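Worksheet: the structure to be examined is printed underneath.
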Amino acid sequence: MKQALAVLAILAAVIAVAAPSSLATTSPGYNFRIDVTITDTNLVLSRSLAKRGWLAHFAITNKGKKTHVFDIGGLKRTIAPGKKAKLGAYLDTRGQYQIKIDNKTRGFFTVN
């Protein structure tokens, strides 16, 4: 009887340890923030390269005097002057994505 209880305790411990790791494979491998600063004449990103499977959080700040439309790979966000906005994307496809401000290409973001 004691041996059976010991075996059950060991099995319960193994299942408890194994369960969270099996669930973790469905979540993004890495979450990261990319700071984006927009002025009326310039665009600055804190990084322009990421790996496939990551979850990107673009934190956009408009330091210009005009409203601007930030577009990265077709995901768009309109930001009023002096305001901040966020844009999230799961990076599941490799490639280069155009970064546009007010429909003008200002650079590329690469997912590899």
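The values are calculated or read from the model by the stated rules, or taken from the named source; none is laboratory data. This is a predicted model, so every value here is computed, not measured. Accessible surface is based on the protein model in full, side chains and every heavy atom, while ligands, DNA and RNA are left aside. Shrake-Rupley method; radii C 1.70, N 1.55, O 1.52, S 1.80 Å.
The residues of the range 68-94 that are assigned to a loop (DSSP other than H, G, I, E, B) and hydrophobic (A, V, I, L, M, F, W, C), listed by number, are Ala80, Leu91.
One residue stands out in the range 64-112 among those that are under 20 Å from the mean Cα position of the chain (by Cα) and hydroxyl-bearing (Ser, Thr, Tyr): the one that is most open to solvent (accessible area, probe 1.4 Å), namely Tyr90.
Let's see how each residue does on (1) at pLDDT 95 or above; (2) outside any strand (DSSP E or B); (3) open to solvent by less than 50 Å² (accessible area, probe 1.4 Å):
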position: Ala9; (1), (2), (3): no, yes, no
position: Val14; (1), (2), (3): no, yes, no
position: Ala19; (1), (2), (3): no, yes, yes
position: Ser22; (1), (2), (3): no, yes, no
position: Pro28; (1), (2), (3): no, yes, yes
position: Val36; (1), (2), (3): yes, no, yes
position: Gly53; (1), (2), (3): no, yes, yes
